[in-house]
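Throughout, read-outs are computed from the coordinates displayed, never taken from laboratory work. Because the structure is predicted, anything quoted here is derived from the model rather than measured. Reconstructed Cβ throughout: ideal geometry from the backbone, glycine too, with neighbour counts over all protein chains shown.
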Amino acid sequence: MKRFAVLAAMVMMALAAPILAQEGVAATGAVERLDITSYQYGTHAVTDEASGAFYVLNSDVVDLDAYTGQRVTVYGTLVPGYEYGQVEGGPPLVDVTWVEPAPL
């Protein structure tokens, strides 16, 4: 019985690892539409006002064009393989899942 419990715990940890590896991002700033870039990924970008971090954004669930030029807070997760500018030396890519008006 003890072996089964250990095995079950190991399986649960292995299944949870990809979820835990995804780092959540919240960034507040004005959303801008990207044109042609050297890193060629993402459709929009935001510079977080608090940290100065620049993020490239992409989303399958949020119409980012609707927020272009607006000061908002975007929420999402870093896309694996794009967390630290590994691709073409570009900025981190965030898969945006939610956008809300920024607090004043």
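Quick look at the numbers
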{"read-out": "Stretchable slack from THR47 to VAL61, in nm (0.36 nm times residue separation minus alpha-carbon distance)", "value": "3.0 nm"}
{"read-out": "Efficiency of FRET between ALA30 and THR97 - r from beta-carbon atoms, R0 22 angstrom, step 0.05", "value": "0.70"}
{"read-out": "For the range 23-101, size of Cβ-based charge dipole, Lys and Arg +1, Asp and Glu -1, in debye", "value": "100 debye"}
